[in-house]
Structure formats: structure tokens, C-alpha cells
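Notes for the one structure printed next.
The values are calculated or read from the model by the stated rules, or taken from the named source; none is laboratory data. Source: prediction; values computed, not measured. Don't worry about glycine lacking a Cβ; one is built from the backbone with ideal geometry, like all the others, and counts go over all protein chains shown.
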Amino acid sequence: MTYLARQIICYPKFVNHCILKMQLTVKSDLNVSEEKGFAYIQPCAAEVGKVMLESNLTKLVGTTSDKIIDFNVLCNLLNIYKIRFSEAQCSLTLGVSRVKWRGKTISIFKKGKIKIREALNNEDAMKMLQDLLRLIWGSIICEICERPAIYCAAGMCNKCLEENVQREFVNLDELPTGIMLSNALINLSKSLSLLNEIFSNILNGLHGEKISEIRVKDFERLLNRVDLNTLDFMVQTPDIKQASLGFIPLGITFNLKNVLKTVNSLIKEINQNLEALTQSNVQVKREISDVFRKIVNIYEFISQIASMRSKVKRDAGKFRIALEDIRRLEEKVKDVSDELKKFLSNIVKYFKEICLTGLRILNILGGGV
Ligand SMILES: [Zn+2]
Ligand SMILES: [Zn+2]
């Protein structure tokens with residue numbers, strides 16, 4: 001099966017002063033010093049002839065806040081990228097991470113300090129700093145919402161991603177590193193069609209069939225591959241604005257990882273209650289399947305948008321209808337006096353979560369255009 005990915009995508013729009021709008025650049029002025037600003041280079045203590053760079057994220061970003069980096073997100077990003085490192089450690093409790101990347105040892109500390117050791121020369125050290133910033137961008141805390149940038153990109157902070165605004169389109173063929181982003185989007189398409197497969201298994205589960213969890217693991221692996229492709233793209237794209245396009249797939253997979261968690265709980269819940277589900281004759285059973293079928297349709301629609309080459313058309317109507325149905329279902333489930341009551345209300349809760357996540361994904365793709 002061949003998978004298509006969008007060739008034409010649009011730049012997401014973020015509010016002013018969002019960390020995703022601010023240009024995280026490292027000036028090419030190599031005679032940097034602490035007084036001048038952002039980085040300090042001196043001979044490397046570990047290896048003669050090499051240099052060491054010290055910098056601080058608070059200076060690079062120009063923030064006064066003492067919360068500059070989210071270590072949870074940082075460790076996740078480094079973990080996704082670990083096959084590119086010869087060594088990697090990230091400790092949440094200590095707030096220190098250390099990786100060996102292209103022969104250099106890089107340490108990042110909780111308060112934003114960055115050290116790059118064993119760089120060949122000043123230029124090499126500065127290039128490493130720039131690439132590192134691209135890699136960890138998603139973990140830097142945004143001043144607007146005080147959440148890590150990846151939440152802004154995913155539309156989860158509800159503050160930074162602008163909805164219903166005219167967006168600027170870009171053809172990936174015209175980007176020097178467009179092929180890398182294309183690869184990410186192709187894998188995203190694959191993961192969305194795998195999700196549809198999982199959803200149809202769940203639908204069968206609602207009709208009394210035991211649901212296998214194998215495909216869910218495959219789904220997770222695919223999402224991590226999308227992230228790896230995307231981080232490669234962001235690290236290797238010199239232009240910062242073009243590199244920020246990586247936040248489209250990153251924002252979507254961040255949402256899909258949420259769906260993954262919810263789907264896991266949903267499958268467990270259904271599998272545990274299969275017998276009771278088939279024996280019970282509560283009225284809402286049929287309606288539950290109907291509503292879930294609508295959610296499946298919505299994700300098929302998202303999958304189409306992700307693979308189409310054309311512009312995205314506004315179609316939030318489907319979501320509104322599905323959400324209304326879910327709300328109605330919530331009310332009905334409250335009145336069920338069956339032993340399935342708890343099970344049913346949990347299921348409806350998961351449906352709602354999956355549906356709202358779909359709406360966020362559509363918005364990242366430019367559903368508001
Ligand atoms: Zn933001
Ligand atoms: Zn935000």
C-alpha cells in the first residue's frame with residue numbers, strides 16, 4: 001500500500017510572544033562573551049586544542065522567568081532522538097541531561113545552562129548550539145501560557161495557537177529539506193490509517209469481540225518514527241521559520257499520543273466487561289456504537305486531510321454533531337441503573353476525549369482556513 005502525504009501545508013499561526021513565534025536564533029558573531037550576551041567560548045579542559053561553549057537558555061530566549069525548560073518533555077525529546085547519539089542520559093529528578101552527539105558532550109541543566117564540550121572550534125560549537133536548540137525547542141517554556149512549547153504547538157494550552165486565521169501555504173518541494181518533512185508526514189499518514197484499523201477493532205469490541213492490543217504497540221512505534229523524522233528535519237533546516245513547520249507533525253503526534261493513552265484505557269475497559277456487555281440489554285448500547293462510528297468517520301476525515309495534496313476545507317460541523325451526540329449520551333448513561341453504568345460512563349468519557357483531540361488535530365492541519 002502506498003501512502004500519500006500532503007505536499008502543501010500551511011504555517012501554523014501563533015500569538016505574538018509565544019515561544020514558537022519568537023525566533024530562536026544564534027547569531028553568527030563568533031567573538032561572543034558573557035557580557036555581550038548569549039554564549040561564552042573557552043579552550044576545552046578535557047581535550048587540548050578543542051573548545052568548550054557555555055550558554056544559558058534564559059539569555060538565548062530573552063526571558064526573565066526562572067522556569068525555562070520542562071525536563072519531562074526534554075527527556076522525551078532526547079529519548080526519541082537517542083539513535084542519533086552515542087550516549088544519552090536524562091534525569092528528571094536531578095534535572096540534568098547529558099548526550100554525546102557528533103563527538104561533542106552536551107549537558108543541559110534545569111535552570112537553562114547549556115555546556116558543549118569537545119567542539120573542534122568556535123564555529124563548530126556555535127553550530128552545535130543552534131542544532132541543539134532546534135532539537136529541544138519543544139521543551140522550552142512559553143511565556144504566554146507557561147507551558148512547554150509542544151503544548152502550544154499541539155493546541156493544548158488553549159492560548160497560543162490562533163484559530164480561524166488566514167494562513168500562509170508552503171509547498172514542501174520548494175524547501176531544501178522538504179523531503180525530510182515529507183517523510184514525517186508519510187509516516188503520519190501511516191499511523192492515522194493504523195489508528196482507523198484500531199478503531200474498527202474497538203467497534204467490533206463494542207459488539208462483543210475481544211480486542212487485541214498488538215496494533216496499539218505498532219501505532220506507538222510509528223508515532224515515534226514521525227517524531228524522529230521531524231526532529232531530523234528541524235535540526236537540519238537552516239531557516240528558522242521553515243524549521244518551525246516541524247511543529248505541525250510534532251503537535252499532531254503529541255495529540256495522537258493522548259489518543260493512544262485513551263485508546264489503551266478504552267480497550268482494557270471493553271475487554272474487562274465483554275461478558276456483561278453482551279448479556280446486558282440496556283438501550284444505550286446501540287447508541288454507543290453509533291456514536292463511536294461517527295468518531296471513526298471523523299478520524300477518517302482527518303486521515304484524508306493528512307494525505308491530500310489540496311487545501312484543507314473547513315469541516316468542523318461533523319465534530320459539533322458528534323460532540324452533541326456524546327453530550328446526549330452522557331445524560332442517558334446517568335439514568336442507566338444497570339451494573340454497566342460505571343463502564344458506560346467511562347466509555348463515554350473516553351469518546352469525548354478522542355473527539356476533542358481530533359478537533360485539535362484538525363485545527364493544527366489548518367481546519368480553520
Ligand atoms: Zn506559546
Ligand atoms: Zn502556549
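Okay, here's what the table says:
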{"read-out": "Tally, over the stretch 109-163, of residues that are small (Gly, Ala, Ser), within 14 Å of ligand 1 (Cβ to nearest atom) and out of contact with any Lys or Arg (no Cβ under 7 Å at 6 or more places or on another chain)", "value": "4"}
{"read-out": "Residues being more than 13 Å from Ile361 (Cβ to Cβ) and under 25 Å from the mean Cα position of the chain (by Cα) - total across the stretch 286-299", "value": "4"}
{"read-out": "Leading residue by the ranking (farthest from Asp70 (Cα to Cα)) among those in the stretch 100-117 that are among the aliphatic types (A, V, I, L, M) and over 22 Å from the mean Cα position of the chain (by Cα)", "value": "Ile116"}
{"read-out": "Test: residue in the stretch 287-299 that is over 22 Å from Glu163 (Cα atoms), of a type in the set (Lys, Arg) and modelled with pLDDT of 90 or more", "value": "yes"}
{"read-out": "Selected residue (only one of Ser139, Ser97 is at pLDDT 95 or above, touching a strand residue (DSSP E or B) at 6+ places or on another chain (Cβ under 6 Å), within 16 Å of ligand 2 (Cβ to nearest atom) and polar (S, T, N, Q))", "value": "Ser139"}
{"read-out": "Residue tally, condition over 9 Å from Ile116 (Cα atoms) and either surrounded by 17 or more Cβ atoms within 10 Å (Cβ to Cβ) or over 36 Å from the mean Cα position of the chain (by Cα) (or both), over the stretch 40-56", "value": "11"}
{"read-out": "Positions within the stretch 1-55 being at positive phi and either within 16 Å of ligand 2 (Cβ to nearest atom) or at pLDDT 85 or above (or both), in sequence order", "value": "His17, Gly49"}
{"read-out": "Any hit, the stretch 164-186, residues being touching a residue at least 24 places away in the same chain (Cβ under 8 Å) and within 16 Å of ligand 1 (Cβ to nearest atom)", "value": "yes"}
{"read-out": "Residues that are outside any loop (DSSP other than H, G, I, E, B) and hydrophobic (A, V, I, L, M, F, W, C), drawn from the stretch 266-289", "value": "Leu266, Ile267, Ile270, Leu274, Ala276, Leu277, Val284, Ile288"}
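Matching residues to (1) surrounded by 17 or more Cβ atoms within 10 Å (Cβ to Cβ); (2) away from ligand 2 (no atom under 16 Å from the Cβ):
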{"position": "Lys111", "(1), (2)": "no, yes"}
{"position": "Glu123", "(1), (2)": "no, yes"}
{"position": "Glu163", "(1), (2)": "no, no"}
{"position": "Phe169", "(1), (2)": "no, yes"}
{"position": "Ile198", "(1), (2)": "yes, yes"}
